[in-house]
Amino acid sequence: MHIADFTLSRLPRIEFGSGVVARLPSIANQYGLYALLVTGAGSLKHSPFWANLTTGLKAQGISWHHLTIASEPSPEMVDEAVRILRTEPIDVVIGIGGGSALDAAKAIAGLLKPGNSVMDHLEGVGPELAYAGPATPFIAVPTTAGTGSEATRNAVLSRQGAGGFKKSFRDEKLMAEVALVDPDLLATCPPAIIAANGMDAFTQLLESYVSSRASPLTDSLAWGGMKAARDGLLALYADAGDAEARARMAYAALVSGITLAQAGLGSVHGLAAPLGAFFPIPHGAACGTLVAAATRINIEALRAREPAHPALEKYAQVGRLLSRQGKLERDASHAALIDTLEAWTREFKLPSLAHYGVQHADIPRIVADSRGSSMKTNPLRLDDGEIAAILTARI
Ligand SMILES: [Zn+2]
């Protein structure tokens with residue numbers, strides 16, 4: 001076994017398990033007595049969880065300002081929150097929700113003290129100034145199993161429309177201090193959200209597993225995450241009351257955040273960025289609808305141009321894992337991998353790109369804007385025609 005060079009950047013303190021969210025007030029108390037709570041605009045406030053949380057915070061003597069995030073966060077949303085809150089003596093930022101709430105909370109925590117615009121730091125737009133900090137301590141509590149934002153060092157912000165973008169504010173100092181991953185919080189997640197987010201988590205695991213920056217360390221994590229997703233995703237989609245399935249998907253999503261932050265991603269996430277910027281496509285839906293076609297095209301391109309590339313054997317391993325056929329030879333296991341991903345796409349009724357308004361005439365500008373940081377760690381360099389073919393397959 002060859003051990004390639006790698007860097008493991010620091011991780012949050014991770015507390016994982018049924019009921020761990022009850023520890024949130026006492027953990028927050030370690031950072032101070034005034035919190036910024038950032039949540040989604042959904043049903044949280046009407047759940048028993050919210051009543052328990054607010055009672056617990058009060059019992060710890062903690063007061064808070066509550067900010068809700070109604071959509072995928074934009075730079076303007078982050079700047080406005082920082083402008084209003086920067087003079088408040090906030091000790092800790094607590095993000096509770098899906099990727100949008102967690103990414104907004106992460107970006108705001110990063111800028112509350114420095115007070116400058118997030119546009120100064122976004123990758124690929126503006127001056128890309130180095131982030132010096134300091135960040136306000138951030139506690140991440142995911143309520144969906146998808147982005148893994150609780151374990152990543154970037155916040156994805158987007159501006160939608162014709163001149164839109166979807167870019168990262170990224171720095172190791174943005175990493176959460178604590179990630180509280182409580183699978184019970186998935187119990188009220190609707191099936192369509194479970195499907196899209198679960199496909200995102202699986203895509204993140206697969207792309208980091210075959211990434212050009214993968215290491216033995218991320219490989220072992222990604223492998224366990226993919227196994228958990230294989231055993232949990234369909235079951236959770238069928239029944240969010242299945243506690244074992246909830247734990248498996250919460251684990252898969254958490255691990256996908258760790259592996260993507262350390263190893264990078266690939267062509268699906270390269271395309272998800274311009275798709276999400278130009279069209280109102282939720283991130284999980286974009287990844288879920290593309291992953292089967294992108295995997296097929298990566299495999300075909302590797303076979304044609306780099307037949308000795310180690311990613312081909314890795315794709316075969318994943319095909320054997322998902323199909324539970326450990327003895328399949330390489331070509332058959334590649335077919336099994338693609339078949340499984342296509343079957344999931346059908347089972348979850350993931351909409352085509354056309355459903356969100358993408359037309360064939362849009363392909364050139366999507367392709368032109370797809371070569372961001374994720375595309376750089378795709379196992380091989382795809383040409384424009386191959387990237388276009390991924391989109392064409394799903395319009
Ligand atoms: Zn993703």
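Every number in this text was worked out from the coordinates using simple rules, so none of it is lab data. Quick caveat, the model's predicted, so the values are computed rather than measured. Ideal geometry is used to build each Cβ from the backbone, glycine not excepted, and the neighbour counts take in all protein chains shown.
Among PHE279, PHE49, sorting on how many other beta-carbon atoms sit within 10 Å of each Cβ, with the fewest leading, yields PHE279, PHE49. The share of Cα pairs per 10 Å bin across the chain, counted from zero up to the longest distance, runs 5, 24, 34, 25, 10, 2, 0 percent. Here the Karplus relation 6.51 cos²θ - 1.76 cosθ + 1.60, evaluated at θ = phi - 60°, turns the backbone of segment 178-186 into coupling constants of 9, 10, 9, 10, 10, x, 4, 5, 7 Hz, with x for every Gly and Pro.
Within the listed set SER211, SER373, SER47, the residue fluctuating most in the Gaussian network model of the chain (springs between alpha-carbon atoms under 10 angstrom) is SER47. Using a cutoff of 8 angstrom between alpha carbon atoms and counting only pairs six or more residues apart, the relative contact order for segment 1-152 works out to 24 percent.
Shape class of segment 159-227 from the alpha-carbon gyration tensor: rounded, with the ratio a/c of largest to smallest axis under 1.5.
With contacts taken as Cα pairs under 8 Å at a separation of at least 6 residues, segment 1-86 carries a relative contact order of 32 percent. A cut-off of 5 Å between modelled amide H atoms, ignoring neighbours fewer than 5 places along the same chain, links PHE6 with no other residue.
Rounded to the nearest 5, what is the percent of antiparallel bridges among the DSSP beta bridges in the chain? Percent antiparallel among DSSP bridges in the chain is about 20. Per residue, the chain reaches -15500 deg cm²/dmol at 222 nm when only DSSP H runs of four or more residues are counted, each adding -39500 (n - 2.57).
In percent, rounded to a whole number, the relative contact order of the chain is 15, using alpha-carbon pairs under 8 Å and six or more apart. Between the amide H of LEU350 and any residue lying 5 or more places away or on another chain, no distance stays under 5 Å, with hydrogens modeled in the peptide plane. Here the Karplus curve 6.51 cos²θ - 1.76 cosθ + 1.60, taken at θ = phi - 60°, turns the phi angles of segment 153-168 into couplings of 9, 10, 10, 8, 10, 9, 10, 8, x, 4, x, x, 8, 9, 9, 9 Hz, with x standing for Gly and Pro.
For VAL93, the residues whose amide H sits under 5 Å from its own are LEU36, PHE138, ILE139, ignoring neighbours fewer than 5 places away on the same chain, with H placed 1.01 Å from N.
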